[in-house]
Amino acid sequence: MKPIKLIIVEDDREFLKGITHMLNLSDEIELAGVFNNAEDFMSDFNRLEPEIVLMDIGLPKLSGIDCIKQLKPLKPQVQYLIWSTFDDDEKIFDALKAGAGGYILKTATAQQLIQAICELNKGGSPMSSSIARKVIASFHAPQVKQSEYNLTPRENEILEKLAKGYRYKEIAAKLFVSIETVRSHVHNIYEKLQVSSRTDALNKVFSRP
């Protein structure tokens, strides 16, 4: 059987050394290239013909997620497997939205990684068990009754971040707006809901589907 043509984008050289060693021992995988940053990979992308890219998220400049977001439309047939230490909800869903087909934590064993690469190549969506649990949990998360209270998409977005415990400063940073803009949106949310606190607002608009 023809080996899977794989490219790795990973900036941790020691970690990279271990990955390449174990992948080179596999008859199922052909390591076709290794890059230490997204920029070098992107500059060579047009001449490369990988089937799967093993992509780290925390790269030096452009993140792995942003790299996938830019390259996926250019060659939709290339599949991306996230290989990361990050297991927070935001990174997981941003990666999947960008076009990643799987998400494996770096705590996985060599055999688990090889299995994930093979599974992705066969049309599956491999995920570490803790990642899969977070994805499943998202479908059972409280839903905002946006239409009932006439909340705008931005107000809805801010309310969801308030529900996750983010402070105004953190919300402002994530949405690339000022703290005053966040306060203004929160004020409008409170007026529409006829409440005076975060707790009252969340209790009023979140309910189990």
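The values are calculated or read from the model by the stated rules, or taken from the named source; none is laboratory data. Note that this is a predicted model, so its numbers are computed, not measured. Surface accessibility is based on the protein's heavy atoms, side chains included, excluding ligands, DNA and RNA. Shrake-Rupley method; radii C 1.70, N 1.55, O 1.52, S 1.80 Å.
Computed quantities for the displayed model
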{"quantity": "Amide hydrogen neighbours beyond the local backbone of Leu59, cut-off 5 Å, H modeled", "calculated": "Gly64"}
{"quantity": "Largest to smallest accessible area among Met1, Met42 [probe 1.4 Å]", "calculated": "Met1, Met42"}
{"quantity": "Accessible surface of Val177 - all protein chains present, 1.4 Å probe, nearest 10 Å²", "calculated": "50"}
{"quantity": "Three-way shape label, the range 1-122, alpha-carbon gyration tensor, a/c 1.5", "calculated": "rounded"}
{"quantity": "Accessible surface of Arg183 - all protein chains present, 1.4 Å probe, nearest 10 Å²", "calculated": "110"}
{"quantity": "Using θ = phi - 60° and Karplus 6.51 cos²θ - 1.76 cosθ + 1.60, couplings along the range 193-204 (whole Hz; Gly, Pro as x)", "calculated": "8, 6, 10, 10, 8, 4, 4, 5, 5, 5, 5, 7"}
{"quantity": "Rounded tilt (10° steps) of 110-121 against the dominant C-alpha axis of the chain", "calculated": "80"}
{"quantity": "Filter on Lys97/Lys174; Lys61/Lys122; Lys97/Lys164; Lys75/Lys134 - keep pairs with C-alpha separation over 24 Å", "calculated": "Lys61/Lys122; Lys75/Lys134"}
{"quantity": "For Tyr103, distant residues with modelled amide H under 5 Å away", "calculated": "Ile82, Met127, Ser128"}
{"quantity": "Within the chain, helix-based [θ] at 222 nm, where runs of 4 or more DSSP H residues each add -39,500 (n - 2.57), nearest 500", "calculated": "-14500 deg cm²/dmol"}
{"quantity": "Within a Gaussian network of the chain (alpha carbon springs, distance under 10 Å), most fluctuating of Lys97, Lys122, Lys169", "calculated": "Lys169"}
{"quantity": "Most mobile listed residue (Glu170, Glu49, Glu28) in the chain, GNM with C-alpha springs under 10 Å", "calculated": "Glu170"}
{"quantity": "Cα-based convex hull volume of the range 1-73 per residue, rounded to whole Å³", "calculated": "78"}
{"quantity": "Per-residue HN-Hα couplings for the range 57-64 [Karplus 6.51, -1.76, 1.60; θ = phi - 60°; Hz; x = Gly/Pro]", "calculated": "8, x, 8, x, 10, 5, 6, x"}
{"quantity": "Integer Hz, Karplus 6.51/-1.76/1.60 couplings in order for the range 174-185, x for Gly and Pro", "calculated": "5, 9, 6, 10, 7, 4, 4, 5, 5, 4, 4, 5"}
{"quantity": "Average accessible surface area per residue within the range 19-66, 1.4 Å rolling probe, Å²", "calculated": "48"}
